[in-house]
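Note sheet for the following structure.
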Amino acid sequence: MNAQALHGHLDSLLLAVLERGALHGYAIIEALRARSDGRLDLPTGTVYPALRRLERAGHVASVWSTVNGRERRTYELTDAGRRTLAEQRAGWREFTATVGRVLDADPPSATSG
């Protein structure tokens, strides 16, 4: 699944991954890949700008640390991010239920209409 197909959903996915605890950028990418059975294999050029956008919005916070001589940024969900995730989950459930009712509806029989 490519990044374009996720348009409008990437932020929710990132917030959901961070709900389990703070992670550095590459670990976030790996978590997305693992939780999607490999279907979400997103490039850093997609994930990092989204994380920065979420940080500017106050939904995630980050700190820099040095691990084995390498600098890395770790992201964690803020209280505002948790509230936003809850709202986005509710919206997603409503959306999928509505679309499901349309797509899963029995087609009209050949004799009607």
- Query: Assuming Tyr26 fulfils every condition listed in (1) surrounded by 14 or more Cβ atoms within 10 Å (Cβ to Cβ); (2) touching a Lys or Arg at 6+ places or on another chain (Cβ under 9 Å); (3) not small (Gly, Ala, Ser); (4) not in a loop (DSSP other than H, G, I, E, B) apart from one, which condition is it?
  - Reply: (1)
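With the structure loaded, tell me whether Tyr75 is part of a strand (DSSP E or B), of a type in the set (Phe, Trp, Tyr), surrounded by 14 or more Cβ atoms within 10 Å (Cβ to Cβ) and under 14 Å from the mean Cα position of the chain (by Cα) or whether it fails that test. Write out each step before concluding.
Numbers: part of a strand (DSSP E or B): yes; of a type in the set (Phe, Trp, Tyr): yes; surrounded by 14 or more Cβ atoms within 10 Å (Cβ to Cβ): yes; under 14 Å from the mean Cα position of the chain (by Cα): yes.
When the stated conditions are applied, Tyr75 passes them.
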- Task: Any chance you could count how many residues in the stretch 78-109 are more than 12 Å from Leu15 (Cβ to Cβ) and touching a strand residue (DSSP E or B) at 6+ places or on another chain (Cβ under 8 Å)?
- Result: 0
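Being of a type in the set (D, E, K, R) and modelled with pLDDT of 95 or more is the filter; apply it to the stretch 34-72 and report the residue that is surrounded by the fewest Cβ atoms within 10 Å (Cβ to Cβ). Spell out how you get there, then give the answer.
Within the stretch 34-72, the subset of a type in the set (D, E, K, R) is 35, 37, 39, 41, 52-53, 55-56, 70-72.
After this cut, where a residue has to be modelled with pLDDT of 95 or more as well, the list is 35, 37, 52-53, 55-56.
Numbers: Arg35: 14, Asp37: 7, Arg52: 14, Arg53: 14, Glu55: 16, Arg56: 9.
Among those residues, the one meeting the criterion is Asp37.
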- Would you mind finding the one in Leu23, Leu15 that is touching a His at 6+ places or on another chain (Cβ under 7 Å) and modelled with pLDDT of 95 or more? Leu15
- Are there any pairs, at least 6 apart or on different chains, whose C-beta atoms fall under 6 Å, with the first in the stretch 78-104 and part of a helix (DSSP H, G or I) and the second not polar (S, T, N, Q), and if so, which? Ala80/Gly58; Ala80/His59; Gly81/Leu15; Gly81/His59; Gly81/Val60; Thr84/His59; Leu85/Leu15
- Just give me the residues in the stretch 27-37 being without any contact (Cβ under 8 Å) to a residue 24 or more places away in the chain and either within 14 Å of the chain's Cα centre (by Cα) or within 25 Å of Thr66 (Cα to Cα) (or both), in sequence order. Ala27, Ile29, Glu30, Ala31, Leu32, Arg33, Ala34, Arg35
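The values are calculated or read from the model by the stated rules, or taken from the named source; none is laboratory data. No experiment lies behind these values; they were computed from the predicted model shown. All Cβ positions, glycine included, derive from the backbone under ideal geometry; neighbour counts span all protein chains shown.
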